[in-house]
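Following: one structure in structure tokens, then a few remarks.
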Amino acid sequence: MSKYAGFAFALAAGVGLAVGAGGSAKAETPKKGGVLNFIVAAESPSYDGHKESTFAMVHPTRPFYSLLIRVNPENPSSPTDFQCDLCVGGVPKPTDGGKTYTFKIKKGVKFHDGQTMTSQDLLATYNKIIFPPAGVSSARKAFFKMVDTIEAPDDETLVFKLKFATGAFIPALATPFNYTYSAKDLKEHGYDWHEKNVNGTGAFKFKEAVAGSHVEAVKFDGFHMDGKPYLDGYKALISRKMAIRVQAIRGDRAAIEFRGFPPKQRDDLVKSLGKDITVQESDWNCVLLFTPNHGRPIMQDPRVRQALTLAVDRWGGSQHLSRIAIVKTVGGIAFPNHPLAANKAELVRLKGYGTDLKASREEAKKLLAEAGKAGIKFELLNRGTDQPYKIVGTWLIGQWRQIGAEVTQRVEPSKSFYNSLRKTKDFDVSMDFNCQSVINPIVDVSKYIGSAGNNYGNYAGQDQELEDIYNQLVQEGDEAKQREIMRVMEKRALSDQAHEGITLWWYKITPHRSYVKGWKIAPSHYLNQSLDQVWLDK
Amino acid sequence: MMVTVSEVQTEADFEEVAPKKPWTQVAMDLSRKQPLGVFGLAIVLAMVVAAALANVVSPFNPLQEHFDAMLVPPGTDSYLLGTDEFGRDILSRLIYGSRTALLVGFVCAIVGSTAGLVLGVASAYFGGLFDLILQRVLDVFMAFPLIILALAVVATLGPGIENVMIAIILPFVPQCARVVRSNALAIREIPYVDAARALGFSNARIILRHMVPNVMAPYLIMLTTFLGQAILLEASLSFLGLGVQDPIPAWGLMLTNASEFFEGSPWVAIYPGVAISLSVFGFNLFGDAVRDTLDPKLRSR
Amino acid sequence: MGKYIFKRVLLMIPTLIGAAVLVFLLLRMAPGDICAVRYLGSGLAIDESQIELCREQLGLNKPQIVQFFDFIWGYVIFDLGDSMWTGQPVTHEIAIRFELSLQIAIMATLVATVIAIPLGIISAVRQNTMTDYLVRGFAIAGIAIPSFWLGLMIILGLLIVTQSWLGEPWMPPIEFKSIWEDPIHNMAQLIWPAVATGYRYSAVATRMTRSAMLEVLREDYVRTARAKGMVEKIVINRHALKNALLPVVTILALEFAFLMGGLVVTEQVFNLNGLGNLMVDGVERQDFAMTQNLVMLVVIIYVFINLLTDLAYAWLDPRIRYS
């Protein structure tokens, strides 16, 4: 078999297995033992899940802890398949008109230091997350706005009472950051103790960490799931440069990098390692946008914003960019695989999604001319990260050149990028993104309304109609109706007003050593990282 | 980093030197006795020609993407050196990139060394408190490794070509000022400066007519040394994500983008790497020759 | 001599204070906010009040002048504070990485010395011959090649060569182990950056050796020795080299100081958890506490080594002391 035939075969086999039915791993009996080395592309400031919001915290520390409920590790691509982690009897159905959730808590679960876990620990944990005392940081407090009270009537019961019924509660509970801490630890050591110390009920125990280098963990023998974990331990190695991360997999210094590699790196790895590499791919719950700054006079005219979105060749870009960047899927405001997302027939009706590129660009030029902005010049603010920001940014500039726009790029490192975006608002158009963990479109699309905290378009108060549509969406209980409202919102935000321009949705590609088994790719790099089901076929 | 040393070295060499040769003759010496230098000069001239005629000699528009020919190897169709990840012609980007390299190199070297010349001469000529304070300020700047000072400055100003040039110029100034000052101090002691003063010539006239021409040698040496360093520093800052930004064609940027793709498509990294190395090599050979010619201590007997 | 030392040490004080002011100002002028980096970098929806809380806890809402005196006072009471990113003491963060940086600096200096001194001598002795041109070409190439490019090529070369020879691609380890703990692992990781850095560094030292040798070879006593008919080798070893080495050693010492903190690019390429990387992280995260102290550490090392070389010169050459 020639080198290239082998490459093609391995790629097809790898992708096919992973993207298809979920792999043949089910048929195999897991082997015990071994240490998994994996790469993390950044370093987290602390180990406190309630406080941080980076994957660099999730990947090394998620296996130390348990959640109340989690995404099903056997079916992580489903946005609705949740299972019990610390509860028993399945994820409960709400009572009291959707306002009360009663969880039965698993008995005999041990913390790494030997304490027994009860509903009191979960109560303390969720009180910290949802109702933190003044001066205590809780990054995702806002996810739980609907929660009224939490009670633990006995050691095996936990009851959440909501202010109003909503489908957003269960996905919020499954968010991987809700690490379960011990009530005793919180009481004795204080609320900051978990930043630097670890005591959880997860499958692995903290062993050692060297700042800037690695975090090492060993198997927890008292883990609450029988026979698990399979691994003896793992080591999370920090590596900042993409080239090193790829080479580390190639040279087998590490077996996997969970966040994902660009397509070119996947191809290179498959080419050099053949069947020793397995590739898993998935749509990713992150979308790359460009946000025109409505505060700038040149961007105030909706025709100009429409022209910018009309110039973008999304369908072609999907083909081309998916060979060099971690983006692929053409989509609207909702995660492409979700029932609430637009299908292709619905998408092509939006400006800039049409299949006749020439016509779109003609229309764009005409709109610019009508607005008196032919040959418009502006600056694109971008984030100093190669994948996918800089690559897609450079591509966008090329797209806009096709309608006669002359665009320069100002790339800033993350710290000043956010400063320009939020504080100084010093940009014409900026790259922007919306990246969430558990797929929850109704919450995630709040990004597009001007009043949202993470909306940087500076059109708060300028589009009440859009705000009203969103409020309607949040209060709608019926999925078919939700879907309709979602389409109206999408058309308003992306097409009629063109407040934001969606480029492409991210695409997660995780090539890993084939001996890593039992890990399934999820649509988010935050999800399915408990590692208890992972084993090594060596 | 490393690059700082050559200055320390030059400084040490020139501490007590007062060159006396007129520099027209120096240019003659250069071409006759320095084969390496002439080779270096040839590289530099080739760059200048490429930059000047970029729009004529480039086979493609350096900004034009060809999505049907992404990352094709050298020699495919009319892409002599292959294409990058956007299907942009690498040869054309290299040719246009020489403009950026020359711009960064010459602007940084000329501005840096000229500012150093002014400060160095002024410091030596006026002496006293002005000299004392200026020297302490220069001490402060000289206490930072070059790359770290540049990193801090560009972090403050933000990336982009103008800011990168400022960040590169800033550490150059004190280095050149130091060397010029020590040379100028020697000249200041020479009787004709006193004579000129006694004759009532203005400070400006004395400085321009007598001091400046006599420190041209160290000035030119520093200037040529800075040329290559500036190009390298720009590449290093680009690698840290702080340099020139796409879609401007620039070698450091090309090399940086290539670090994502070089495993499967080595040409994207090799050619810009060679371009940078060759140009810096050329500038350094040329600089060495200038230095050997101008430095009376090293001038062969 | 005592008076000279006193004067030189006294001169260090304004330099260090000036450097502290410069670092402080540069960092505070940079746009951005460590709390925004920490909470917004991931793109997850975050409560805005968390960012304010974070700023409050890190003391970033205090007046700048208060922050500056806190920073200076830290040096007086030997407490450099905590990293704003990890919350660990700055001294602890530096201590973790110091060994690696020191070892690379030493190894690179050794590589450089071994290459530079013989090459520099040959080049000087055979001035303007083909050998001289080759050595100078080699040396200048060392300065001209971007170090990160060389680094990437070394690792890629290793992977390709080992895959074709051994069947399995091999790359250097990516996490540091102390040489005392696991010397093989340690050397397997550090030899490559040491060679890459040492080559660049040797280029500079080779040129210095060459010019210092040329200068000495022209001195009267060398000419006399030659005129007396001494064997060339002895002339070079006994008379010329000894006197030419002083500037070379100076250059090596000053470079050593830069190596301790200035390997920002090389450390990235080889994934080394050293001081240079800590500095880049600090700058990227806007971690004032970390960056300002780290830069000051590099400055102090540099100023101190500078002082030592000056004193060595003064000791060897009494004229300097009295000028």
**Item:** Every residue from the range A:493-538 that is closer than 18 Å to A:Asp432 by Cβ and part of a helix (DSSP H, G or I)
**Value:** A:Ala493, A:Leu494, A:Ser495
**Prompt:** If B:Asn257 passes every condition in (1) of a type outside the set (D, E, K, R); (2) within 10 Å of chain A (Cβ to nearest Cβ); (3) open to solvent by 10 Å² or more (accessible area, probe 1.4 Å); (4) not in a helix (DSSP H, G or I) but one, which one does it miss?
**Reply:** (4)
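May I ask you to list the residues in the range A:349-365 that are in a loop (DSSP other than H, G, I, E, B) and either touching a Lys or Arg at 6+ places or on another chain (Cβ under 6 Å) or surrounded by 20 or more Cβ atoms within 10 Å (Cβ to Cβ) (or both)? Spell out the reasoning first.
First pass over the range A:349-365, keeping only residues in a loop (DSSP other than H, G, I, E, B): A:349-356.
Once the filter is applied, which keeps residues that are in a loop (DSSP other than H, G, I, E, B) and either touching a Lys or Arg at 6+ places or on another chain (Cβ under 6 Å) or surrounded by 20 or more Cβ atoms within 10 Å (Cβ to Cβ) (or both), the range A:349-365 yields A:Leu350, A:Lys351, A:Gly352, A:Tyr353.
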**Message:** For the condition within 11 Å of chain A (Cβ to nearest Cβ), over 21 Å from the mean Cα position of the chain (by Cα), among the aliphatic types (A, V, I, L, M) and more than 12 Å from C:Glu267 (Cα to Cα), what is the one hit in C:Leu166, C:Leu158?
**Reply:** C:Leu158
**Message:** Looking for something surrounded by fewer than 24 Cβ atoms within 10 Å (Cβ to Cβ), charged (D, E, K, R) and away from chain C (no Cβ under 13 Å) - is there at least one such residue anywhere in the range B:202-216?
**Reply:** yes
**Message:** Among the residues in the range A:518-537, are any of a type in the set (Gly, Ala, Ser) and within 13 Å of another protein chain (Cβ to nearest Cβ)?
**Reply:** yes
**Asked** So which of C:Val195, C:Val216, C:Val222 ends up being of a type in the set (Val, Ile, Thr) and at pLDDT 85 or above?
**Response** C:Val195
**Message:** Condition first: touching a helix residue (DSSP H, G or I) at 6+ places or on another chain (Cβ under 9 Å) and outside any strand (DSSP E or B). Now tell me which residues in the range A:264-278 satisfy that.
**Reply:** A:Gln265, A:Arg266, A:Asp267, A:Asp268, A:Leu269, A:Val270, A:Lys271, A:Ser272, A:Leu273, A:Gly274, A:Lys275, A:Asp276
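Filter the range B:142-156 down to the residues that are more than 16 Å from B:Gly252 (Cβ to Cβ) and facing another protein chain (nearest Cβ under 8 Å) and list them by number. Quick ask: steps written out before the conclusion?
Taking the range B:142-156 and keeping what is more than 16 Å from B:Gly252 (Cβ to Cβ), we get B:142-145, B:148-149, B:152-153, B:155-156.
Of everything in the range B:142-156, those that are more than 16 Å from B:Gly252 (Cβ to Cβ) and facing another protein chain (nearest Cβ under 8 Å) turn out to be B:Ala143, B:Phe144, B:Pro145, B:Ile148, B:Ala152, B:Val153, B:Ala155, B:Thr156.
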**Asked** Considering only the range A:366-384, how many residues are surrounded by fewer than 17 Cβ atoms within 10 Å (Cβ to Cβ), assigned to a loop (DSSP other than H, G, I, E, B) and within 14 Å of chain B (Cβ to nearest Cβ)?
**Response** 0
**Message:** I need the full set of residues from the range A:256-278 which are within 14 Å of chain C (Cβ to nearest Cβ), closer than 23 Å to A:Thr385 by Cα and open to solvent by 10 Å² or more (accessible area, probe 1.4 Å), in order please.
**Reply:** A:Arg259, A:Asp268
**Fill in**
Condition set within 24 Å of C:Asn271 (Cβ to Cβ) and not small (Gly, Ala, Ser), scope the range A:205-217, selection surrounded by the most Cβ atoms within 10 Å (Cβ to Cβ): answer is A:Val215
**Prompt:** What is the one condition in (1) more than 14 Å from chain A (Cβ to nearest Cβ); (2) acidic (Asp, Glu); (3) farther than 30 Å from B:Phe286 by Cβ that C:Asp132 does not satisfy?
**Reply:** (3)
**Request:** Within the range A:423-434, track down each residue that is at pLDDT 90 or above and facing another protein chain (nearest Cβ under 8 Å).
**Result:** A:Phe433, A:Asn434
**Asked** Can you tell me which residue in the range B:277-301 is modelled with the highest pLDDT, limited to those that are among the polar types (S, T, N, Q), closer than 19 Å to C:Pro146 by Cβ and open to solvent by 10 Å² or more (accessible area, probe 1.4 Å)?
**Response** B:Ser277
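Any chance you could count how many residues in the range C:169-181 are under 26 Å from A:Ala41 (Cβ atoms), open to solvent by 50 Å² or more (accessible area, probe 1.4 Å) and more than 8 Å from every other protein chain (Cβ to nearest Cβ)?
To start, the set of residues in the range C:169-181 that are under 26 Å from A:Ala41 (Cβ atoms) comprises C:169-178.
Within this subset, residues satisfying the condition of being open to solvent by 50 Å² or more (accessible area, probe 1.4 Å) are C:170, C:177.
Within this subset, residues satisfying the condition of being more than 8 Å from every other protein chain (Cβ to nearest Cβ) are C:177.
Of the residues in that region, 1 qualify.
Residues are listed down the side, and each one gets a yes or a no for (1) free of Cβ contacts under 8 Å to residues at least 60 places away in the same chain; (2) open to solvent by 20 Å² or more (accessible area, probe 1.4 Å); (3) closer than 30 Å to A:Leu231 by Cβ:
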{"residue": "A:Ala452", "(1), (2), (3)": "yes, no, no"}
{"residue": "A:Tyr459", "(1), (2), (3)": "no, no, no"}
{"residue": "A:Asp468", "(1), (2), (3)": "yes, yes, no"}
{"residue": "A:Asp478", "(1), (2), (3)": "yes, yes, no"}
{"residue": "A:Arg483", "(1), (2), (3)": "no, yes, no"}
{"residue": "A:Met486", "(1), (2), (3)": "no, no, no"}
{"residue": "A:Leu494", "(1), (2), (3)": "no, no, no"}
{"residue": "A:His512", "(1), (2), (3)": "no, no, yes"}
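Just for the range A:226-255: of the residues that are farther than 29 Å from C:Glu93 by Cβ and open to solvent by less than 20 Å² (accessible area, probe 1.4 Å), which one is farthest from the other protein chains (Cβ to nearest Cβ)?
Selected residue: A:Pro229.
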**Asked** From C:Ile174, C:Ile179, C:Ile117, which residue is touching a Ser or Thr at 6+ places or on another chain (Cβ under 7 Å), part of a loop (DSSP other than H, G, I, E, B) and in contact (Cβ under 8 Å) with a residue 24 or more places away in the chain?
**Response** C:Ile174
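For the range A:279-348, please list each of the helices (runs of 4 or more DSSP H) lying entirely inside it that holds at least 1 residues being open to solvent by 10 Å² or more (accessible area, probe 1.4 Å) and closer than 13 Å to A:Glu500 by Cα.
Working: elements: A:302-310, A:314-321, A:344-347.
Output list reads A:302-310.
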**Complete:** Of B:Ala152, B:Ala177, the only residue that is assigned to a helix (DSSP H, G or I), out of contact with any Lys or Arg (no Cβ under 7 Å at 6 or more places or on another chain), open to solvent by 10 Å² or more (accessible area, probe 1.4 Å) and over 15 Å from B:Leu232 (Cα atoms) is B:Ala152
**Request:** Quick one: in the range A:46-72, of everything that is part of a loop (DSSP other than H, G, I, E, B) and open to solvent by 10 Å² or more (accessible area, probe 1.4 Å), which residue is farthest from A:Ile256 (Cα to Cα)?
**Result:** A:Lys51
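Are any of the residues in the range B:230-241 part of a helix (DSSP H, G or I) and among the hydroxyl-bearing types (Ser, Thr, Tyr)? Break it down into steps so the answer makes sense when it comes.
Going residue by residue through the range B:230-241, those that are part of a helix (DSSP H, G or I) are B:230-239.
Next, from what is left, pick out any that are among the hydroxyl-bearing types (Ser, Thr, Tyr): B:236, B:238.
Yes.
Check the range C:240-249 and report whether any residue there is within 25 Å of C:Lys7 (Cβ to Cβ), within 11 Å of chain B (Cβ to nearest Cβ) and in a helix (DSSP H, G or I). Before the answer, list the steps.
First, the residues of the range C:240-249 that are within 25 Å of C:Lys7 (Cβ to Cβ): C:246-247, C:249.
With within 11 Å of chain B (Cβ to nearest Cβ) added as a condition, the list becomes C:246-247.
Going one step further and asking which of them are in a helix (DSSP H, G or I), we end up with C:246-247.
Yes, the conditions are met somewhere in the range C:240-249.
Here's the yes/no breakdown for (1) hydrophobic (A, V, I, L, M, F, W, C); (2) open to solvent by less than 10 Å² (accessible area, probe 1.4 Å):
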{"site": "B:Asp77", "(1), (2)": "no, no"}
{"site": "B:Ser92", "(1), (2)": "no, yes"}
{"site": "B:Gly97", "(1), (2)": "no, yes"}
{"site": "B:Cys108", "(1), (2)": "yes, yes"}
{"site": "B:Ser123", "(1), (2)": "no, yes"}
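Counting only residues that are open to solvent by 40 Å² or more (accessible area, probe 1.4 Å), give me the helices (runs of 4 or more DSSP H) lying completely in the range A:110-198 with at least 3 of them. Break it down stepwise before answering.
Values: elements: A:119-130, A:169-173, A:183-189.
The helices (runs of 4 or more DSSP H) meeting that bar are A:183-189.
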**Asked** For the range B:109-142, which residues satisfy the criterion of being in contact with a Leu (Cβ under 8 Å, 6 or more places away or on another chain) and acidic (Asp, Glu)?
**Response** B:Asp139
**Message:** So, in the range A:200-225, how many residues would count as being within 11 Å of another protein chain (Cβ to nearest Cβ) and of a type in the set (D, E, K, R)?
**Reply:** 1
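The values are calculated or read from the model by the stated rules, or taken from the named source; none is laboratory data. Please read these numbers as outputs of a predicted model, since none were measured by experiment. Reconstructed Cβ throughout: ideal geometry from the backbone, glycine too, with neighbour counts over all protein chains shown. Calculation scope for accessible area: heavy atoms of the full protein, side chains included, ligands and nucleic acids excluded. Shrake-Rupley method; radii C 1.70, N 1.55, O 1.52, S 1.80 Å.
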